[in-house]
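Here is the structure we will look at, set down as structure tokens.
The values are calculated or read from the model by the stated rules, or taken from the named source; none is laboratory data. All of these numbers come straight from a predicted model, not from anything done at the bench. Positions of Cβ are backbone-derived with ideal geometry, glycine not excepted, and every protein chain shown enters the neighbour counts.
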């Protein structure tokens with residue numbers, strides 16, 4: 001008898017399976033939110049693939065109603081990470097804002113006001129591989145002028161930003177995540 005059969009046998013099968021999947025989804029979401037963005041995607045994909053393989057093994061060794069439950073769980077489990085990864089940056093920006101906004105807000109608001117009309121900002125997130133870095137800035141816009149730029153086609157041009165950017169995401173009123181192009185950085189009111 002396979003050892004996995006004994007783990008998922010008995011009347012508690014659905015609860016054990018559900019608990020295992022929820023734990024795996026929580027780990028995937030935590031990886032997407034807190035890991036460095038390049039590593040986050042790799043960790044999420046790896047955890048998803050490992051869980052999918054384990055679910056397939058469980059579906060093969062179980063029989064009857066348990067097999068149907070396992071295959072249904074497999075379909076749901078594949079759907080959730082696929083949707084999360086398809087909307088990676090949007091999900092990541094909003095989840096990080098929900099969990100980490102307090103510390104970042106304090107950092108941004110502690111900055112002195114710029115005389116040249118530059119918006120207050122800090123590096124919020126980033127990605128990069130092989131020397132190609134992409135920075136995402138958390139921007140405080142007291143007039144909400146960036147709201148008109150949300151969802152705009154790149155390059156997005158807006159008052160208070162030093163150059164065209166890849167995307168602007170509204171986190172909440174007055175707060176935006178602004179993704180610059182690869183190897184373009186916001187330094188002293190200019191793109192370098």
Which one of 178, 168, 108, 139 is surrounded by 15 or more Cβ atoms within 10 Å (Cβ to Cβ), assigned to a helix (DSSP H, G or I) and modelled with pLDDT of 90 or more?
108
How many residues, within the stretch 111-136, are assigned to a strand (DSSP E or B), touching a helix residue (DSSP H, G or I) at 6+ places or on another chain (Cβ under 9 Å) and in contact (Cβ under 8 Å) with a residue 40 or more places away in the chain?
9
Of the residues in the stretch 174-192, those that are free of Cβ contacts under 8 Å to residues at least 40 places away in the same chain and touching a helix residue (DSSP H, G or I) at 6+ places or on another chain (Cβ under 8 Å) number 1
